[in-house]
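Quick notes on the structure that follows.
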Amino acid sequence: MRKRDLIHYCGAAGIFLMVVLLVLYLANNSIPADNKDIFVSITGMIVGSLSVVIYAIIGRNPEEVSQLQSKVESQSKHIEMLVEQKDEMEKMLIDLQSNLIDNMTIMGSSLFDSLNKK
């Protein structure tokens, strides 16, 4: 595990632990009315970051996901290009076979005509 990943993991686990401790604190104590607005806004910001925290804890990085999505899009474009090239090659092969059959037919009929003239 890289050092950067370890730091992200520890930070995410710390925020998750802070949220759990905050819930336990709120279960046992009440917040004074004059500090309630500040406390609610700070709690909202912490809880809002939980999705990123959970992603970091389970090992998914949103940046990595977007990089993989762009790689998949790139690969699908490449596959589409290869399919178009394959279709073009099949068309060229069919044309070659048709021309070969036509030329063989002409050559065979001219050979047959030359043998019949003798």
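Computed from the coordinates by the stated procedures, all read-outs in this text should not be read as laboratory data. Small disclaimer: the values here were computed from a predicted structure and weren't measured. Every residue, glycine among them, receives a Cβ derived from its backbone with ideal geometry; neighbour counts consider all protein chains shown.
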Structure-based [θ]222 nm, the chain - -39500 (n - 2.57) summed over DSSP H runs of at least 4, per residue, nearest 500: -31500 deg cm²/dmol
Net dipole in debye of the chain [+1 Lys, Arg Cβ; -1 Asp, Glu Cβ; about Cα centre; nearest 20]: 420
Cα-centre dipole for the range 73-118 with unit charges at Cβ (Lys and Arg positive, Asp and Glu negative), debye to 20: 460
³J(HN,Hα) computed for each position of the range 5-20 - Karplus, 6.51 cos²θ - 1.76 cosθ + 1.60, integer Hz, glycine/proline x: 5, 5, 5, 4, 4, 5, x, 5, 5, x, 5, 4, 4, 4, 5, 4
Three-way shape call for the chain based on the alpha-carbon gyration tensor, with the a/c threshold at 1.5: prolate
Derived scalar couplings ³J(HN,Hα) [the range 44-50; Karplus, 6.51 cos²θ - 1.76 cosθ + 1.60; whole Hz; x for Gly, Pro]: x, 5, 5, 5, x, 8, 5
Cleavage-rule hits (trypsin sites (Lys or Arg not before Pro)) in the range 1-57: DSSP loop, at most 10 neighbouring Cβ within 10 angstrom: Arg2
Separation in nanometres of the label points that stand 7 Å from Cα toward Cβ, at Ser30 and Gln67: 5.1
Positive dipole terminus of the chain, leading residue within Ser114, His8, Val52 (C-beta point charges): His8
